[in-house]
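One structure is given here, and the rest of the page talks about it.
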Amino acid sequence: MSEQKRVSEVISLWIIDKKQYVKRSSLSAYVLLIENHLEPSFGNKYRIEESDVQTFVFKKLELGLSQKTIKDILIVLKMILKFGDKNKWLEYKPFEIQFPTERERHNIEVLCRTDQKKIMNYIQEHFTFRNLGVYICLSAGIRIGEICALTWDDIDIDNGIISIRKTIQRIYIIEDGHRKTELTLDSPKTKNSIRDIPMNKDLLRMLKPFKKVVNSSFFVLTNDLKPTEPRTYRSYYKKLMKELDMPELKFHGLRHSFATRCIESNCDYKTVSVLLGHSNITTTLNLYVHPNLEQKKKAIDQMFKGLR
């Protein structure tokens, strides 16, 4: 076996290696998880036992981290340990970690139909480019980074299509030992996120006059060559919701509202999944397909009708 290395040394070498294969935004996410969680807990160790990881999990749960976040951290830890094992710098033994049973289902937050109509009507009557972004998100279910990156040439009026080809995000990077953040314009998070979304008639009618006169390379939210970044746009959205006396709803709730309206309208689940750019239909089903009481009653009635 090669000379044993501490986990912190393996981490440094893994980051150098990983940089060759993944997008900067992905590497940035890995580095944040490493610096905030893995390095402080395991950096000085030469060997990590299953009991160490289980203790780490319980500690993070106590601090309020979600199971999903902790599982994401463990995915990165496994990649690092497998890399170290492959290069014979440390030994990796697969570990099976237990999580407490989640007894409460976390309901996603969405706008009710009345509030959604109120917002969309307000935007139609009080048009600004920034307001338009909220309208597009409610009409197409796109993410905040995707609306910030949307340019006029992504909007095809003739075919009634919005093309999602890029996203904007602020990422955390380390260069020559210096830490900084940087705004990046890149392809979306997965290949499924690259998609074409049909526009409804109201949105098409709203965009048609502008499309004839705008510079096609300008960003939609600013109608300028310079984009707005997600955190700035999120602040604007919060202010707009407050002015309209809307319930507090995260920006991502606009996407959830779009998906919920699709499901309520009996759209087939595969189509909703493709419109949202989910990597698989299971994500869509787990998030949005929860029959309400009326649907359950209908199912029971239909079942007994078949027995008569």
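The values are calculated or read from the model by the stated rules, or taken from the named source; none is laboratory data. Note that the structure is a prediction, hence the values are computed from the model and not measured. With ideal geometry, Cβ positions are generated from the backbone for all residues, glycine too; neighbour counts draw on all protein chains shown.
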- Query: If you take the residues in the range 198-237 that are within 13 Å of I147 (Cα to Cα) and in contact with a strand residue (DSSP E or B) (Cβ under 8 Å, 6 or more places away or on another chain), which one is surrounded by the fewest Cβ atoms within 10 Å (Cβ to Cβ)?
  - Reply: R231
- Query: So, of the residues in the range 71-104 that are under 24 Å from the mean Cα position of the chain (by Cα), outside any loop (DSSP other than H, G, I, E, B) and charged (D, E, K, R), which turns out to be surrounded by the most Cβ atoms within 10 Å (Cβ to Cβ)?
  - Reply: D72
- Among the residues of the range 159-209, write down those that are among the polar types (S, T, N, Q) and under 25 Å from the mean Cα position of the chain (by Cα). S163, T167, Q169, T181, T184, S187, T190, N192, S193, N200
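Residues are listed down the side, and each one gets a yes or a no for (1) modelled with pLDDT of 95 or more; (2) under 16 Å from the mean Cα position of the chain (by Cα); (3) at positive phi:
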position: S217; (1), (2), (3): yes, no, no
position: R255; (1), (2), (3): yes, yes, no
position: I263; (1), (2), (3): no, no, no
position: L293; (1), (2), (3): no, no, no
position: K297; (1), (2), (3): no, no, no
position: K305; (1), (2), (3): no, no, no
- Residue, modelled with the highest pLDDT, within the range 13-23, restricted to residues that are part of a helix (DSSP H, G or I) and loosely packed, with under 14 Cβ neighbours inside 10 Å: D17
- Filter result for T222 (part of a helix (DSSP H, G or I) and either of a type outside the set (S, T, Y) or on the phi < 0 side of the Ramachandran plot (or both)): no
- Task: Sort out which residues of the range 200-217 are hydrophobic (A, V, I, L, M, F, W, C) and in a helix (DSSP H, G or I), and write them in order of number.
- Result: L203, L204, M206, L207, F210
- Task: Being more than 22 Å from T271 (Cα to Cα), in a loop (DSSP other than H, G, I, E, B) and either free of Cβ contacts under 8 Å to residues at least 40 places away in the same chain or within 17 Å of the chain's Cα centre (by Cα) (or both) is the filter here, so list the residues in the range 113-149 that pass it.
- Result: H126, T128
- Task: Name the residue, out of Y237, Y233, that is in a helix (DSSP H, G or I), at pLDDT 95 or above and closer than 30 Å to H290 by Cα.
- Result: Y237
- Does R165 count as within 24 Å of V214 (Cβ to Cβ), touching a residue at least 60 places away in the same chain (Cβ under 8 Å) and charged (D, E, K, R)? no
- Message: Considering only residues that are within 18 Å of P198 (Cβ to Cβ), without any contact (Cβ under 8 Å) to a residue 40 or more places away in the chain and surrounded by fewer than 18 Cβ atoms within 10 Å (Cβ to Cβ), which ones fall in the range 267-308?
- Response: C267, D268, Y269, K270, T271
- Note on the structure: From the option list L65, L38, single residue qualifying as in a helix (DSSP H, G or I), of a type outside the set (S, T, Y) and not assigned by TED's automatic domain parsing to the domain that holds K166 is L38
- For residues that are touching a helix residue (DSSP H, G or I) at 6+ places or on another chain (Cβ under 8 Å) and assigned to a loop (DSSP other than H, G, I, E, B), scanning just the range 243-266, find the one that is surrounded by the most Cβ atoms within 10 Å (Cβ to Cβ). F251
- Query: Which condition does N159 not pass, out of (1) at pLDDT 95 or above; (2) in a strand (DSSP E or B); (3) surrounded by fewer than 16 Cβ atoms within 10 Å (Cβ to Cβ), if it passes all the others?
  - Reply: (2)
